[in-house]
Amino acid sequence: MSALSDQLVTFAILAYLVAMISHAVEYALGNARKVPTAAPARELVGAGAGGPGGTVEEPATPAPTRPDRSAARAALAGRIAAWITVLAAALHLGAVVTRGIAAERMPWGNMYEFVLTVTWIGAAAWLAVLWKQPSLRRLGLFLTLVMVLLLAFAELKLYVQVVPLMPALQSYWFIIHVSTIIFASGIFLLGVVPAMAYLMRSGWEQGKRSFPYTLARRLPAAAGLERLTFTLHAFAFPIFTFAVIAGAIWAEAAWGRAWGWDPKETWAFISWVVYAGYLHARATPSVRRNVATWIAVVGFLTMLMNLFGVNFFFTGLHSYAGV
């Protein structure tokens, strides 16, 4: 089962890569400039009602223009990308499930398994968003890029063989605390995609034509991206709050104290404060949406620091990276 999980991860990465390329094709073809076309020619058609030899002018059926063909091909590439993303997510889920079967436990015991599950949550949440709002499909280019990078990094740098769960993690709180952290982290992972897209699209709508604002030319309107960013973060934040509280309860039971400023605890608290600051700024009329969205991006950076930085550069009670 462990070998099967490894193979499914590889296939999932390849599928996300193909989906990303298909999204890029849609993006490129969608950039085709529409050129004005001349009025359709009128042709002479014999008409019996007009008498012998009588003719009337009728407009000829216009041939499809090049921009029309490009738009149709772009739409086809986008639909293919969406279905390949579904396939990639299915392979991804299979990798997570088979890893758990091989380990005979929930597959969250080390950093590799954590990243594997968080990225699947992000991909599944994206498919749910896409199903509800198909007009946001072009965000898939950036989401699949994130999937490829994170999964490839996990395979190359974080991979460890299946091992039994260490004694400190053998508790029912393991499922409660880690599952909610993973779920919230996956939604935050998805949430940073429309956040970055909004910042670029907003700049484009304000007339900025330098890189990276040019990447947002074919993205949905900034207002819709900003609403999606807020919705995802408002949904994930209470779950993240519960996860932090559950972790404190577990720490009290395991170590005799609810909070000890361990590096992982400290950065979780920092992330909580930053995301709370985002939601507060978003609800404050005097704070510009760009400023609030930048706070959300900083929040995700603190999550990355908690996931990678703490495990690689600090030593504490939560040093379960396994690398």
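When Trp108 is evaluated against the numbered criteria (1) out of contact with any Gly (no Cβ under 8 Å at 6 or more places or on another chain); (2) closer than 21 Å to Leu14 by Cβ, which criterion, by number, is the only one it fails?
So Trp108 meets the others, but not (2).
Taking only segment 145-166 into account, find how many residues are assigned to a helix (DSSP H, G or I) and over 9 Å from Asn110 (Cβ atoms).
13
Within segment 131-147, track down each residue that is open to solvent by 10 Å² or more (accessible area, probe 1.4 Å) and within 11 Å of the chain's Cα centre (by Cα).
Leu141, Phe142, Leu145, Val146
Across segment 69-127, which residue is surrounded by the most Cβ atoms within 10 Å (Cβ to Cβ) among those that are assigned to a helix (DSSP H, G or I) and among the polar types (S, T, N, Q)?
Thr85
Any residue in segment 190-205 that's among the aromatic types (Phe, Trp, Tyr): show its pairings with residues that are surrounded by 24 or more Cβ atoms within 10 Å (Cβ to Cβ) and part of a helix (DSSP H, G or I) at Cβ separation under 9 Å, as long as the two are six or more apart or on different chains.
Close Cβ pairs satisfying both conditions: Tyr198/Leu225; Tyr198/Thr229; Tyr198/Thr293.
Which one of these does Ala81 not meet: (1) over 18 Å from the mean Cα position of the chain (by Cα); (2) modelled with pLDDT of 95 or more; (3) closer than 19 Å to Tyr27 by Cα?
Going through the list (1) over 18 Å from the mean Cα position of the chain (by Cα); (2) modelled with pLDDT of 95 or more; (3) closer than 19 Å to Tyr27 by Cα, Ala81 breaks only (1).
Please state which one of Arg227, Arg201, Arg218 is basic (Lys, Arg), at negative phi and at pLDDT below 90.
Arg218
Being at pLDDT 95 or above and either in contact with a His (Cβ under 9 Å, 6 or more places away or on another chain) or of a type in the set (Gly, Ala, Ser) (or both) is the filter here; which residues of segment 262-282 pass it?
Result: Ser271, Tyr275, Ala276, Gly277, Tyr278, Leu279, Ala281, Arg282.
Considering segment 245-285 alone, what residues qualify as being of a type in the set (S, T, N, Q) and free of Cβ contacts under 8 Å to residues at least 24 places away in the same chain?
Within segment 245-285, Thr266, Thr284 qualify.
Within segment 266-279, is even one residue over 30 Å from Ala24 (Cβ atoms) and within 18 Å of the chain's Cα centre (by Cα)?
Within segment 266-279 (the criterion being over 30 Å from Ala24 (Cβ atoms) and within 18 Å of the chain's Cα centre (by Cα)), the answer is yes, since at least one residue qualifies.
The values are calculated or read from the model by the stated rules, or taken from the named source; none is laboratory data. Owing to the predicted nature of the structure, the values given are computational and were not obtained by experimental measurement. As a convention, Cβ positions derive from the backbone with ideal geometry for all residues, glycine included, and neighbour counts pool all protein chains shown. Side chains are part of the model used for accessible areas, which takes the heavy atoms of the whole protein and leaves out ligands, DNA and RNA. Shrake-Rupley method; radii C 1.70, N 1.55, O 1.52, S 1.80 Å.
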